[in-house]
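Notes to accompany the following structure.
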Amino acid sequence: MIETLRNAWRIPDLRKKMFFTLFILLVFRFGSTIPVPFINFTALNSVFDQYRDTLLGYFNVLSGGSLSNATIFALSITPYINSSIIMQLLTVAIPALERMVKDGGEEGQKKLASITRVVTVAIGLIMGFAYYSMLRSSGILTDKSLWAAVVIILSFTAGTALIMWLGEQITEYGIGNGVSIILFAGIISRGPSMISAGIQLFQAGTINIFSTVGIIVIGLAVVAFVVLMQKSERRIPVQYAKRVVGRKMYGGQSTHLPLKVNMSGVMPIIFASSILQLPGTIAAFMQPKPGTFGAAFEKFFSPSQISYMIIYFLLIIGFAYFYSAIQFNPIEVANNLKKNGGFIPGFRPGKPTSDFIAKVLGKVTFIGALFLGVVAILPLAMGAFAGLQQLAIGGTSILIVVGVALETVQQIEAQMLMRHYKGFLE
């Protein structure tokens, strides 16, 4: 990776793209430090200390701590991610949207992107109002007038729209996928505070040198495991039949159909964690008394409990199968192979081919789902065992950081290959 970045830096065009990406990230981090008005930040920090293990704490990690500081970028890129997921699901469910994307070509993609932007702003307004309501009910606001409400909600919404625009600028003029890069920067920005918390725990005697070394070794092992699984794929051999056109013969080559082990990416973890942390968040807002049903309900959905981990693991496996079924259609792949004269050796074109692909996809998805479940559960188990919930990096964060880093390096290598390719004329 370091060698790839060094080589890319020597190319003027790529160097400009890298400078532009760094500039946009600098603007993002600067905006993450500008607070909205009318808020008591001392009271806000104490509230977020209570809700660290709830859905608010999860969103705070994705925003790089902006949510707990109530900055203009407090909602981060979350509304855009939710909007993209909703539109992706609706494209599968609504035939008109599916036709617009498939038959419209580039124009259809632009229309879908415009709809996604509108939905993002709408979700930003809803989330901004919900966050304002929480601030108001918690007694954090210094001004509860209508004007203060409008300013706070519109500030959060405008910050979401600006982040969405910054991400699109990185995608078009910079390096990598803009939304992923911004999410990556937000998570990485939490690194120094986590290291500082670890040092304080070590100095206080909460953890010893053996626990520290063990956490570092296990963390590095998890990262290496994630890199290995992210690059793993199952290759199905494909053979194309020979055909004669005039005096020339076409086809006859052999290739393969790649099926990634982690085809669904980090989405199953995002879906599962969002759903599973919602009951605990609701229970935390109700502030139940000890010994009541509400207190037992809140404890049942606490990330440190074995019940939470088991349900979390099962939800991840279920969503992995669901998301893979949406992304990959074996019948459509089999039909495309048949139209292009391709076939899988040992299987007739049509239904036998689609059945075989579906069978292989099910096995690969199961392995990928187990991988996601282990990566998501391991940090929680480590935190519960060592009593270090504040140091436990979620599986979502690890997958996002490693996945975005690998994807960005691959894009840099692809652009370097295009610029160094000399063609067939020399």
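Structure summary
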read-out: Residues that are β-branched (Val, Ile, Thr), within 28 Å of Ala158 (Cβ to Cβ) and assigned to a helix (DSSP H, G or I), drawn from the stretch 4-39; value: Thr21, Ile24, Val27
read-out: Matching residues in the stretch 168-188 - criterion: being touching a residue at least 12 places away in the same chain (Cβ under 8 Å), more than 30 Å from Arg136 (Cβ to Cβ) and not hydrophobic (A, V, I, L, M, F, W, C); value: Gln169, Tyr173, Gly174, Gly176, Asn177, Gly178, Ser180
read-out: Residue list for the stretch 324-355, filter: aromatic (Phe, Trp, Tyr) and without any contact (Cβ under 8 Å) to a residue 60 or more places away in the chain; value: Phe347
read-out: Out of Ile115, Ile81, Ile123, sole residue that is within 30 Å of Phe300 (Cα to Cα), assigned to a helix (DSSP H, G or I) and at pLDDT 85 or above; value: Ile123
read-out: Qualifying position, being surrounded by fewer than 18 Cβ atoms within 10 Å (Cβ to Cβ) and within 18 Å of the chain's Cα centre (by Cα), among Leu89, Leu67, Leu25, Leu75; value: Leu89
read-out: Ile140 being surrounded by 18 or more Cβ atoms within 10 Å (Cβ to Cβ) and among the hydrophobic types (A, V, I, L, M, F, W, C); value: yes
read-out: Helices (runs of 4 or more DSSP H) wholly inside the stretch 143-219 containing at least 3 residues that are surrounded by 15 or more Cβ atoms within 10 Å (Cβ to Cβ); value: 146-173, 178-188
read-out: Selected residue [in contact (Cβ under 8 Å) with a residue 60 or more places away in the chain, farther than 20 Å from Gly124 by Cα, surrounded by fewer than 21 Cβ atoms within 10 Å (Cβ to Cβ) and not aromatic (Phe, Trp, Tyr)] from Asn45, Asn40; value: Asn40
read-out: Residue that is nearest to Phe73 (Cα to Cα), among those in the stretch 120-153 that are among the hydroxyl-bearing types (Ser, Thr, Tyr) and over 31 Å from the mean Cα position of the chain (by Cα); value: Thr142
read-out: Any hit, the stretch 69-82, residues being of a type outside the set (A, V, I, L, M, F, W, C) and closer than 20 Å to Phe38 by Cβ; value: yes
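The values are calculated or read from the model by the stated rules, or taken from the named source; none is laboratory data. These numbers come from a predicted model, not from an experiment. Using ideal geometry, Cβ is built from the backbone for each residue, glycine included, and neighbour counts are taken over all protein chains shown.
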